[in-house]
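These notes concern the structure reproduced below.
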Amino acid sequence: MKIAIVVQRYGPSINGGAELHARYIAEHLARHTDVEVVTTCATDYVTWRNALASGTEKVNGITVRRFPVKHERDPLAFGRRSDEVFKQPHSLADELDWLDSEGPSSPALVAYIGRHAADYDYCLFFSYRYYHAYYGVRAARDRAVLVPTAERDSAIGLAIFPPLFRDVRALMYNSPEERAMIQAVSGNQDVPGVVVGIGSEVPQNIQPARFRQKYNIRGPFAIYVGRIDQNKGCAELFEFFEGYLADGSSKLSLVLIGNSLLPIPQSPRIRHLGFLEDGDKFDAMAAADLLIMPSYYESLSMVALEAWALGRPVLANGKCDVLKGQCIRSNAGLYYETFAEFVEALRAIDQNRWLSGALGRNGRQFYRENYDWPVIERKYQDMFERLKKEPPPARADPLPGWFARRRQNVPAAEEVLGKLPVGPALAANPDVRRRA
């Protein structure tokens, strides 16, 4: 069997999001089958500038085929088009213009898929909302499998995407919440799909004391790992955490790991270490008392899974359906929606060693049962075997014609998003086990 992993950018220096997810899947499936990666020459998700040479190279033993991006992102044009399609009625042509302006637009990549799809048994497309997935799925025809990595944001309300969710051979979802949202917006319940998620490369030789000594950190601390950004809920995290410290009863500090797009508060109890290599990052997480995940939008939090793999409890933003659902299913985290809830939940973990330990133990078991690599690999292999036995369905959604694309009759994406069901998906689910 031969598999293509098709993703917007790829490489060992890309340490987060769907791109890291794609690399992990590529490297683990390569243990069982022939894998190639098809991607762009971009490394920066803001500009999509061509930073790497086009052509073929080996990355960790896997063949990677890179294709040039047609144009860099124009932030002003992208912002203007986002306002048009997210906030007001528009046309399908407007949405396709938005897709092109979002980037990375690579007609050369799509043309390669169209010419060579038959060379692969299946093409796994990562991240539904990008050019390569929208056009590449159609180019791959009956070999397209989608890993949507969809978050509950305005893009899911665009009219160009429901046909994409209906026309692939299968979907590999990150969470029950992602599956419920996509099924609600597209009616694709008949398309084969399974909740898979992602494992993590947790090192064997983790030493919490090594981290504390190296960075001179003493006492209890909570940790945040990821891009320090308004969109990740970090501004609210700073406000809430400083409020938690106001009564003076806690010795807890907050340690931040990741590149920052926000000013860091000048507080002796908030320390920013910047980007760390994986060894230091995992040492830090193991040394922490808990992980805080303040993000409003996630399709799956890899860092929360890593914290659970290390036996650490998680405090998550309950306004993110995915994070809330993960905490409930695992019995390994608490969640908040308001400042008062943040204070009480953090106090419960901070000051109750029995609770903190129980949440951590539940998290470790939840990770082993649902996200350990043998579990993830088997779900992909089982899906490929299933698809071999099932004939591909007829295409249900042809591309609209010239006039249909230009009718100003498509509702604002935010309006569509507002009508989707909310809340964690807690119905009985055979794909993800819940801790008792």
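The values are calculated or read from the model by the stated rules, or taken from the named source; none is laboratory data. All of these numbers come straight from a predicted model, not from anything done at the bench. Note that we place each Cβ from the backbone using ideal geometry, even for glycine, and neighbour counts take in every protein chain shown. The area values use the complete protein model at the heavy-atom level, side chains included, leaving out ligands, DNA and RNA. Shrake-Rupley method; radii C 1.70, N 1.55, O 1.52, S 1.80 Å.
Selection of region 112-131 for residues being crowded, with 18+ Cβ neighbours inside 10 Å and over 22 Å from the mean Cα position of the chain (by Cα) yields TYR112, ILE113, ALA117, TYR120. When region 264-305 is filtered for residues that are open to solvent by less than 20 Å² (accessible area, probe 1.4 Å) and assigned to a strand (DSSP E or B), the ones remaining, listed by number, are ILE270, GLY274, LEU290, LEU291, ILE292, MET293.
Pairs are defined by a Cβ separation below 6 Å, a sequence spacing of at least 6 or placement on different chains, a first member in region 48-60 that is closer than 16 Å to LEU109 by Cα, and a second member that is open to solvent by less than 80 Å² (accessible area, probe 1.4 Å) and basic (Lys, Arg); the pairs so defined are TRP48/ARG73; LEU52/ARG66; SER54/ARG66; THR56/ARG65. All told, GLY363 meets the bar of being open to solvent by less than 10 Å² (accessible area, probe 1.4 Å) and modelled with pLDDT of 95 or more. The C-beta contact set for region 260-286 (first residue within 16 Å of LYS232 (Cα to Cα), second residue modelled with pLDDT of 95 or more and small (Gly, Ala, Ser), distance under 8 angstrom, 6+ apart or interchain) comprises LEU262/ALA235. Taken over region 30-55, the residue count meeting the criterion of being within 24 Å of TRP373 (Cα to Cα) and either part of a loop (DSSP other than H, G, I, E, B) or open to solvent by 60 Å² or more (accessible area, probe 1.4 Å) (or both) is 5.
Candidates in region 326-340 are the residues that are among the small types (Gly, Ala, Ser) and more than 15 Å from TYR371 (Cα to Cα); of these, the one that is most open to solvent (accessible area, probe 1.4 Å) is ALA340. Each residue in region 38-64 was checked for being of a type outside the set (A, V, I, L, M), within 23 Å of the chain's Cα centre (by Cα) and closer than 21 Å to HIS116 by Cα, and 3 pass. The sole residue among LEU99, LEU109, LEU76 that is among the aliphatic types (A, V, I, L, M), part of a helix (DSSP H, G or I) and open to solvent by 60 Å² or more (accessible area, probe 1.4 Å) is LEU76. Can SER250 be described as modelled with pLDDT under 95, over 30 Å from TRP373 (Cβ atoms), open to solvent by less than 50 Å² (accessible area, probe 1.4 Å) and touching a helix residue (DSSP H, G or I) at 6+ places or on another chain (Cβ under 9 Å)? So SER250 passes the test.
Confirm whether GLN183 is without any contact (Cβ under 8 Å) to a residue 24 or more places away in the chain and outside any helix (DSSP H, G or I). Answer is no for this residue.
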